[in-house]
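Asks: There's a structure below that I have some questions on.
The values are calculated or read from the model by the stated rules, or taken from the named source; none is laboratory data. Keep in mind that what you see is a predicted model, and the values were worked out from it rather than measured. No Cβ is skipped: glycine too gets one built from the backbone with ideal geometry, and neighbour counts run over all protein chains shown. Surface accessibility is based on the protein's heavy atoms, side chains included, excluding ligands, DNA and RNA. Shrake-Rupley method; radii C 1.70, N 1.55, O 1.52, S 1.80 Å.
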Amino acid sequence: MPTITFYGGVGEVGGNKILVCDGDTKLMLDFGVSFTSRKRFYADPYLTPRSIDSLIELGVLPRIQGLYRVGEAESPIDAVVLSHPHLDHSGYISLLNRSIPVYCGEATLRVLSAFGETSPRRLELDFTGIEFKTFRTGDRLKIGSVEVEPWHVDHSTPGSYGLIVHTSAGSIVYTGDFRAHGTKPQLTQDFTEAAARADPTAVITEATNTAGAEVSSEEKVKESLMEVVSRAEGLVLASFSIADIDRLRSFIEAARECGRAVAVSMRQAYLLAKLEQDPKLGVPELLKDIVVYRRVKKVYRSWEQAVLKRFESVSAEEASARQRDLIVAASLYDFEDMVKMKPKPGSCYILSSSEPIDEESEVSFTKLLNWLDHFGLPLYHIHASGHILPHQLREKIAEIKPRDIYPIHTPQPKLAEKYLSNLGSRVVSVAAEVSYEVT
Ligand SMILES: [Zn+2]
């Protein structure tokens, strides 16, 4: 009898680690960082994990013999299949036994390589030595006795997939993270239809948006950006996720129409250069209109040198002299440079990612507001979520008609269970590290 066991993503957003066992075949769907449990004990950049044993001891990682990169034990699982490259789904593959192959989309591999190469080499972002096997929509991955069908879905990063796992007792559908209001809703619809055709026994679904779901779209984001950027009379500073290529495109298009260029971070430029070779992503078009924001450093690492060689770059002083020509992508870590940028009256800051959702991000949000207050920059929040809206989730599940629903990746599982309870499927109240039989 196949079983599903959840080692993360239960009552929390992210940290997904879902073990599917069917006979002798054992497969992990995602192996992400549980930021919720990690930040109970750690705070970047000074208090970071130094050993896998510590993470196991603290319950940040599940205690599973042979699973990790310690000793040369035989691996207890056959493979990991990643839904997408966000670290709450993929990050802790860095800690796994190197005999475990990791299946992922081609764009996912590019994003993870860029993350690994541009971060200081430390325990949690060291992806070297992993045997990656890449897939595309339409492939069928044979892993032991099961077959996995990846289907592209729309989410806030390229390389996002829903997975259909065909077991000896029917199919298990895993949504990963997905949405229906982004720039490619058809991808999510294709996945939904394929999932319905599989007549699944179980759907494991994200249910992130339970409180404060905002009805927006990438199109509306672009309109709002246009409104704000076209009227800005000084510098526009902005913050958005570096892997969110749709968002970057919205910024670039808004900037272009307002006679500005987007100055991206060096890390984002490095990532874009990696994604450039993927013909489906349209990155070469984006590269025509960007410059790189050059942080002042005594020594540039080799990847940074490669970026500076390839792209035109601007320093804080140069940005200061060209305030009406630029949108500068700046995170809180770049704010020191504002002293040199000297934003003129009429400048502004655009926060284009999620609002702070917990205490730790509240603390840095307060600091951000202090900086903006000091320099006289109003803050705009212009964003569309990477996650499906509640009513759309109901529609998708109703279309798939699974026998059982397992809502995960949500801060409010009880709410999600009730909200989805009259769709003709049994809703399972998921507990961590309990094995559920799929019959
Ligand atoms: Zn996630």
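Asks: What is the helix-to-structure angle for 266-275, meaning the angle in degrees between its Cα long axis and the longest Cα principal axis of the chain, kept from 0 to 90 and rounded to the nearest 10?
Replies: For 266-275 against the chain, the angle is about 50 degrees.
Asks: Just to be sure I understand: with springs between alpha-carbon atoms less than 10 Å apart, which residue in 165, 262, 296 has the highest mean-square fluctuation in the Gaussian network model of the chain?
Replies: Its mean-square fluctuation being the largest, the pick is 296.
Asks: Test of understanding: what is the full-extension gain from residue 169 to residue 300, defined as 0.36 nm times their sequence separation minus their Cα-Cα distance? Can you show the working numbers first?
Replies: Details: separation 131, 0.36 × 131 = 47.16 nm, distance 5.44 nm.
Taking 0.36 nm per residue and subtracting the Cα distance, the gain is 41.7 nm.
Asks: Using alpha-carbon positions, what is the distance between the centroids of the stretch 121-152 and the stretch 274-341, in Å?
Replies: So the separation of the two Cα centres works out to 31 Å.
Asks: Rounded to the nearest 0.05, what FRET efficiency do residue 230 and residue 142 have when you use their Cβ-Cβ distance and R0 = 56 Å? If you can, show how the numbers build up before the last one.
Replies: Values: r = 53 Å, r/R0 = 0.95.
Here the calculated transfer efficiency is 0.60.
Asks: Calculate the dipole size of the stretch 218-381 relative to its Cα centre from +1 charges on Lys and Arg beta carbons and -1 charges on Asp and Glu beta carbons; express the result in debye to the nearest 20.
Replies: On the way: 24 positive and 27 negative charges, 170 e Å.
Using only the charged Cβ atoms, the result is roughly 820 debye.
Asks: Turning to a different aspect of this structure: Suppose accessible area is computed on protein heavy atoms with a 1.4 Å probe; arrange 40, 426, 394 from highest to lowest. Intermediate values should be presented prior to the final figure.
Replies: On the way: 40 175, 426 135, 394 60 Å².
Result of the area sort, largest leading: 40, 426, 394.
Asks: Taking a quarter of the surface of the Cα convex hull of the stretch 218-381, what do you get in nm²? Each step should come with its number before you reach the end.
Replies: Details: hull surface 38.7 nm².
Averaged projected hull area, Cα only: 9.7 nm².
Asks: Using 0.36 nm per residue, how much length does the chain from residue 401 to residue 70 gain when fully extended, once their Cα-Cα distance is taken away?
Replies: Working: separation 331, 0.36 × 331 = 119.16 nm, distance 4.23 nm.
Stretched out fully, the residue 401 to residue 70 stretch lengthens by 114.9 nm.
Asks: Just the number please: accessible area per residue for the chain, 1.4 Å probe, all protein chains included, in Å². Can you show the working numbers first?
Replies: On the way: 18750 Å² over 439 residues.
Computed with neighbouring chains in place, this is 43 Å² per residue.
Asks: Separate question: Taking all protein chains in place and a 1.4 Å probe, what share, in percent, of the accessible surface of the chain do carbon and sulfur account for? Walk me through the intermediate numbers first.
Replies: Details: 9530 of 18750 Å².
Percent of accessible area from carbon and sulfur atoms in the chain: 51.
Asks: Also, I was wondering about something else. Calculated FRET efficiency, residue 39 and residue 340, Cβ-Cβ r, R0 30 Å, to nearest 0.05? Walk me through the numbers on the way to the answer.
Replies: Values: r = 32 Å, r/R0 = 1.06.
For R0 = 30 Å, the calculated efficiency reads 0.40.
Asks: Considering amide H positions built from the backbone, and no H for Pro or chain starts, which residues 5 or more places from residue 143, or on another chain, come under 5 Å of its amide H?
Replies: Sorted by chain and number, the residues that satisfy this are 148.
Asks: Can you compute the charge dipole magnitude of the chain about its Cα centre, using +1 on each Lys and Arg Cβ and -1 on each Asp and Glu Cβ, nothing else charged? Give it in debye, rounded to the nearest 20.
Replies: 860
Asks: How high is the FRET efficiency between residue 426 and residue 241 when r is their beta carbon distance and R₀ equals 56 Å, given to the nearest 0.05?
Replies: Working: r = 35 Å, r/R0 = 0.63.
Once the sixth-power term is evaluated, E becomes 0.95.
Asks: What nm distance separates the two modelled labels at residue 24 and residue 412, each placed 7 Å from Cα along Cα→Cβ?
Replies: That separation, rounded to one decimal, is 4.7 nm.
Asks: Okay, moving on. Percent relative contact order of the chain, based on C-alpha pairs within less than 8 angstrom and at least six residues apart? Before the final figure, lay out the partial values.
Replies: Numbers: 946 pairs, mean separation 83.3, N = 439.
Value for the chain: 19 percent.
Asks: Another question, if that's okay. Among 366, 338, 228, which residue has its Cα furthest toward the positive end of the charge dipole of the stretch 218-381, with +1 on Lys/Arg Cβ and -1 on Asp/Glu Cβ?
Replies: My answer, from the dipole projection, is 338.
Asks: Projecting each Cα onto the charge dipole of the stretch 218-381 (Lys/Arg +1, Asp/Glu -1 at the beta carbon, about the Cα centre), which of 286, 305, 275 comes out farthest on the positive side?
Replies: 305
Asks: Let me ask something else. Based on C-alpha coordinates, I'd like the Rg and Dmax of the chain, in Å.
Replies: 22.0, 67
Asks: While we're on this one: What does DSSP give for the chain in terms of the percent of beta bridges that are antiparallel, rounded to the nearest 5?
Replies: On the way: 28 of 65 bridges.
Here the antiparallel bridges make up roughly 45 percent for the chain.
Asks: Also, I was wondering about something else. For the chain, with the dipole built from +1 on Lys and Arg beta-carbon atoms and -1 on Asp and Glu ones, taken about the Cα centre, which of 4, 264, 422 lies farthest toward the positive end?
Replies: Comparing the listed Cα positions along the dipole, 264 ranks first.
Asks: List the residues of the stretch 324-355 whose backbone N lies under 13 Å from a point placed 7 Å from the Cα of residue 374 along the Cα-to-Cβ direction.
Replies: Under cut-off, by backbone N: 332-343.
Asks: Among the listed pairs 220/344; 184/342; 39/280; 297/367; 142/288; 133/401, which are separated by more than 29 Å between their Cα atoms?
Replies: Exceeds cut-off: 184/342; 39/280; 142/288; 133/401.
Asks: Using alpha carbons only, how many degrees (0 to 90, rounded to 10) separate the axis of helix 359-375 from the longest principal axis of the chain?
Replies: 10
Asks: Let me ask something additional. Tell me which GluC sites (Glu not before Pro) from the stretch 1-104 have a DSSP coil assignment and no more than 16 other beta carbons within 10 Å of their own. Don't skip to the answer; put the middle values down first.
Replies: Numbers: sites: 12, 57, 72, 74; in loops: 12, 72, 74.
Within the stretch 1-104, the qualifying GluC sites (Glu not before Pro) (loop, at most 16 other Cβ atoms within 10 Å) are 72, 74.
Asks: Still on this structure, I have one more. Treat the stretch 94-216 as a sphere of radius equal to its Kirkwood radius over Cα pairs and apply Stokes-Einstein at 10 °C in a medium of 1.306 mPa s; give the translational diffusion coefficient in µm²/s, rounded to a whole number. Intermediate values should be presented prior to the final figure.
Replies: Values: Rh = 16.0 Å.
D = 99 µm²/s.
Asks: Also, quick follow-up: I'd like to compare 150-162, 374-386: which one has the highest average count of other Cβ atoms within 10 Å, and what's the full order after that?
Replies: Values: 150-162: 26.4, 374-386: 18.2.
Highest mean packing first, the order is 150-162, 374-386.
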